[in-house]
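Notes to accompany the following structure.
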Amino acid sequence: MTPVGSPKPVDALDSAGQQPTATVSAPQSGREFAPARPIWQVLLIRPETVTLALLIGAIIVGSQLSRFFLDISYILESSTLYSEYSIVALMLTLVIISGEIDLSPASMMALSACVFASVFQAGAPIWLAILASFACGLAMGAFNAILVIGFRLPSIIVTIGTLTLYRGLAQVLAGDRSISHFPDWFVGIDYREILDVPVPVILFTVAAIIVGLFLGMTIPGRQIYQIGTNEIAARHAGIRVQRIKAGLFVGMGLVASLAGLITASRLASVRYDMATGGELQMVLMVMLGGTYIFGGRGTILGTFLASWLLVIIATGMTVANIVVTSQLIVMGVLLITSIIATNAIYARSQR
Amino acid sequence: MQPVSATDKAPMMSLRGITKQFAGVEVLRDVDLDLYPGEIHALLGENGAGKSTFSKIIAGVHRPTRGTITLNSERVEISNPLAAQRLGITLIHQEPISFPDLSIAENLVMGRTEGSLLKRVTWGEMTRDANRLMNLLDIRIDVTKPMRGLSIADQQMVEIARALASDSRLIIMDEPTASLTPKETAILFRIVRRLRDEGRTIIFISHRLEEVRALCDRVTIFRDGNRVTTDTIQSLTDTDIIRLMIGRPLQDYMHKQGTTIGDVALEARNLTLPGTFEDISFTVRKGEIVGLGGLVGAGRTDVAKAIFGIAPAQSGRVLINGQDVQIRDPSDAIALKLAFVPEDRAIAGIFRSLSVEQNITAAVPDQIAPSGFIRRSLEKGIAEAQVTRMSIRLASQRQPIGELSGGNQQKAILARWLLTDPEVLILDEPTRGIDIGVKAEFYDMIGALAASGRAILLISSELPELLALCDRILVMSEGRLTANILRAEATQEAIMFAAVPKTTRQIEGVA
Ligand SMILES: Nc1ncnc2c1ncn2[C@@H]1O[C@H](COP(=O)(O)OP(=O)(O)OP(=O)(O)O)[C@@H](O)[C@H]1O
Ligand SMILES: [Mg+2]
């Protein structure tokens, strides 16, 4: 351009630069010299890619540990231990993307399962017991929703509270005994298979597809991201923030009671301490899948991959005879690492 | 080399060959610039020309891809904002970024306590300090209140006060006046001149030529990432500047002619929200553009928010087309074909990390998902049409909107609301940060909307904007309506007179 400071008359400059001027000042000129980011960069800054890489790595390491790992049916079998958590983690992904959190689902699983068992034991037909369990899930989710949305309390505090409350209620209801003697058709869901795939795994996969489509393709799904990104702007844009968030909390309750029923079927018995500590595994799956703890970002694909990653790691550790206490350490380290990694990736793409 | 007419001193900062690329897109190209002590230097250019990026490089927010910076004849690497602060460089951001939950006083001292971790700052000390700064700026705000509740203009003033609190040698102000009224702008100018007289350097970015003319010594004009010229303000006419900026002469905005003004579309009756505004009654008719002027803090934005259901009034009625309506949430308002472009785009407008497309279509879900599932092709097409219509400058429609320049973000938000095809349009400082080229087109667009029977309520702190566009101008002062001025009688003086609080007016009258 013009040399610095040469006192060139403006007209001279303009006529000299006539040709480039005309094109450069066209409004959309920015797009012409601006190719979109190369695809490899887009992929690289996606946290799901990290999850996938970890998954592949874990499979390779696992197959070194034991030849069982090359047996797909062994993996599928072990994964039934986690399917309940995985299903809840899908719903939890939506909650976290919307900028909230729910730490009570494991307790909701226990309480709704205890309701189911108690109603059944009292002599009601099993369908009524199942219905009661879902009603209980709905009520618990609605209670969370009222506290978080109606009273505008932070969801982390509310759900730590209800985590304890629901577990306590379960204990009061069922005492220390374990309730069993369910009909044959109800128990052993993990031993039933369709095309050699255990039913819980099929349930999880179908749920992942449905939730994934909902989140990625529908308006409410998109609005969950918008709420998580900027709640005030979402409200200004006419998005029914409270309604959507309430829906998510209620949804958590329903999904948790479904997970509770699956667990009851798998264990063929129900106790108040069902799924104790499960909320950590669920949060771990969501975080490992690259969902941003502060909301606005994350995918169902990530959570789906992370669930399998967790299955592989846990199975691997069992096969390698690592004691359960050490397994907890591994889980904790994974959780922290995944949060740091996701944060770093998102911070990078920000600036 | 530089036109040294402003000063004979050695430059305090020299920038050479500054180039910046974002993901391979070059947004600054070989920019050379010398800055002198004791000068107010304006940066001018269209939206997306690279002014903010250039400022952020100086302030250590971005690293240049190439180029060198010399400060007092020493090569410096400004690798982060803290390093800039240590070198005596302060940037007042285009979008105020503060800590909304901390008090104003805490925000003011933020960043000054570094290096003295052991030295505790006492509350009393901090509050006293903060009050002193606010008095300097002639602002009456309770400094113990949190930032959150402040209007964008007050936030801007707090940011400015914070910059003044540090004794920086170089202060960069990125569109500081965009949401200020003439009164605050005058205060700001007084302070800036004083800073210059103390020998500091100020970089001043604005889209208002008259401000640049009133304040600045030299100007640098950017176009598409190139520095096209640097000169003293006296040696450039407005026409020169505009031609250098946008490469074509500006078309004059003509007030819409011969629109028939129809029935009342929006009516407010005795709207009251105690402590904020009281007894607000007015009408806006179809085809009419009604301005709402007043000083910052007069309650104009609050009235708009009340009508739109964001913070509804406690008493009073809102009527749309003569019908009583209950608007408790923005979604109710949108269903009634109202639209509201908020003044604070960073907080109430954009979804920063989401794509431009998603941002533009956020208020019209039915248009992109007629069957319940989002159709990418529809979304893409709708967004594309708006990008062209508003000449939004971007690399890709799928780019996060946070990567766009301030003015281009504003255009995207305007596009979002125009897409809803509103019958009543409430615009709160809609041209904040929009360059003069697009502004004229935008005025035409507003005129055309009114001509097609839309009712428009325009809140603006820019008097020329109110005077050029409006059929009628309402003025608010201290939460009350104080004037209703017809187009024929509207003058800057009349508006300002009604805008000044009564209490002050009486004092001035006595004096
Ligand atoms: N973080 C980023 N990532 C990618 N592109 C960016 C980023 N920041 C800015 N840009 C691009 O750089 C160009 C210059 O932007 P900049 O903000 O400097 O413009 P500006 O002159 O300040 O405009 P305005 O008057 O609208 O504020 C724009 O095209 C913008 O899209
Ligand atoms: Mg800018």
Expressed in angstrom and ordered largest first, the alpha-carbon extents of the stretch A:222-351 along the principal axes are 53, 37, 20
Measure off 7 Å from each Cα along the Cα-to-Cβ vector at residue B:384 and residue A:185, then give the distance between these two points in nanometres to one decimal.
5.5
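Rg to Rh for the stretch B:7-94: what is it, with Cα atoms only and Rh by Kirkwood? Mind showing how you got there, number by number?
On the way: Rg = 12.7 Å, Rh = 13.4 Å.
Radius of gyration over Kirkwood radius for the stretch B:7-94 works out to 0.94.
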In whole angstrom, how far apart do the alpha carbon centroids of the stretch A:287-351 and the stretch B:423-500 sit?
53
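Express the accessible area of chain B per residue in Å², computed with a 1.4 Å probe while the remaining protein chains stay in the model.
Numbers: 20030 Å² over 511 residues.
Normalised by residue count, the accessible surface of chain B is 39 Å².
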Toy charge model, Lys and Arg Cβ at +1, Asp and Glu Cβ at -1: the stretch B:6-247 dipole around Cα centroid in debye, rounded to 20, equals 400
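Which helices count as membrane-span-like in chain B under these terms: full DSSP H, at least 18 Å along the axis by C-alpha, Kyte-Doolittle mean of 0.0 or more? List each step's numbers first, then the result.
Numbers: long enough: B:123-136 (20 Å, -0.84); B:152-165 (20 Å, 0.54); B:182-197 (22 Å, -0.36); B:376-389 (20 Å, -0.66); B:406-419 (20 Å, -0.08); B:436-451 (22 Å, 0.99).
Membrane-span-like by this criterion, though nothing is claimed about a membrane: B:152-165, B:436-451.
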In percent, what relative contact order does the stretch B:394-511 have, based on Cα pairs under 8 Å that are 6 or more apart in sequence?
17
For the stretch B:341-447, alpha-carbon Rg relative to the globular expectation (2.2 N^0.38 Å, N residues):
1.01
How long are the three semi-axes of the equivalent ellipsoid for the stretch B:211-335, computed from the Cα gyration tensor as the root of 5 times each eigenvalue, in whole Å, largest first?
43, 20, 14
Restricting to Cα atoms and excluding each atom paired with itself, what does the Kirkwood estimate give for the stretch B:264-499 in Å?
18.2
Quick one: which bits of the stretch A:226-252 get at least 30 Å² less accessible when the partner protein chains are in, versus the chain alone, with a 1.4 Å probe?
A:226, A:229, A:230, A:232, A:233, A:235, A:236, A:237, A:238, A:240
Roughly speaking, to the nearest percent, how much of the protein assembly as shown's 1.4 Å accessible area is carbon and sulfur?
59
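Roughly how much accessible area, to the nearest 100 Å², goes out of reach of solvent when A and B pair up, both sides summed, probe 1.4 Å?
Numbers: alone 18570 and 22240 Å², together 36220 Å².
In total, chains A and B hide about 4600 Å² from solvent.
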Evaluated at q = 0.05, 0.06 Å⁻¹: base-10 log I(q)/I(0), Debye formula over Cα of chain B
-0.20, -0.29
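Do the sum for chain B: with -39,500 (n - 2.57) for every DSSP H run of n ≥ 4, divided by all residues, what is the mean residue ellipticity at 222 nm, to the nearest 500 deg cm²/dmol? Write down the numbers at each step before the final one.
Numbers: 18 runs with 172 residues, N = 511.
Helices in chain B give a 222 nm mean residue ellipticity of -9500 deg cm²/dmol.
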Given Cα pairs under 8 Å that are at least 6 residues apart, what percent is the relative contact order of the stretch B:264-499?
29
Stokes-Einstein diffusion coefficient for the protein assembly as shown at 25 °C in a medium of 0.890 mPa s, Rh from the Kirkwood formula over Cα pairs: what value in µm²/s?
81
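Rounded to the nearest 5, what % of the DSSP beta bridges within the stretch B:6-247 are antiparallel ones? Before the final figure, lay out each step's value.
Numbers: 22 of 40 bridges.
The antiparallel proportion sits near 55 percent.
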Using 21 Å as the Cα-Cα cut-off, could you pick out the over-long pairs in A:245/B:380; B:305/B:337; B:286/B:337; B:145/B:502; A:245/B:145?
A:245/B:380; B:145/B:502; A:245/B:145
Rg/Rh of the stretch A:40-148 (Cα atoms, Kirkwood Rh), to two decimals, equals 1.12
Hey, can you list the residues from the stretch B:15-42 whose accessible area shrinks by 30 Å² or more with all protein chains present, relative to the chain by itself (probe 1.4 Å, no ligands or nucleic acids)?
B:23, B:25
Starting from the Cα of residue B:20, draw a straight line to each of the lysines and keep only those under 19 Å, dropping any in the same chain fewer than 8 residues away.
B:51, B:56
Computed over the stretch A:129-186, Cα set: Rg, Dmax in Å:
14.6, 45
Here the alpha-carbon Rg of the stretch B:6-247 over 2.2 N^0.38 Å rounds to 1.01
P(r) for the stretch B:394-502, please, calculated from all Cα pair distances in 10 Å bins and given in %.
13, 40, 31, 13, 3, 0
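The values are calculated or read from the model by the stated rules, or taken from the named source; none is laboratory data. No experiment lies behind these values; they were computed from the predicted model shown. Positions of Cβ are generated from backbone atoms using ideal geometry, with glycine treated the same way; all protein chains shown enter the neighbour counts. Remember, those area values only see protein heavy atoms, side chains included, never the ligands or the DNA or RNA. Shrake-Rupley method; radii C 1.70, N 1.55, O 1.52, S 1.80 Å.
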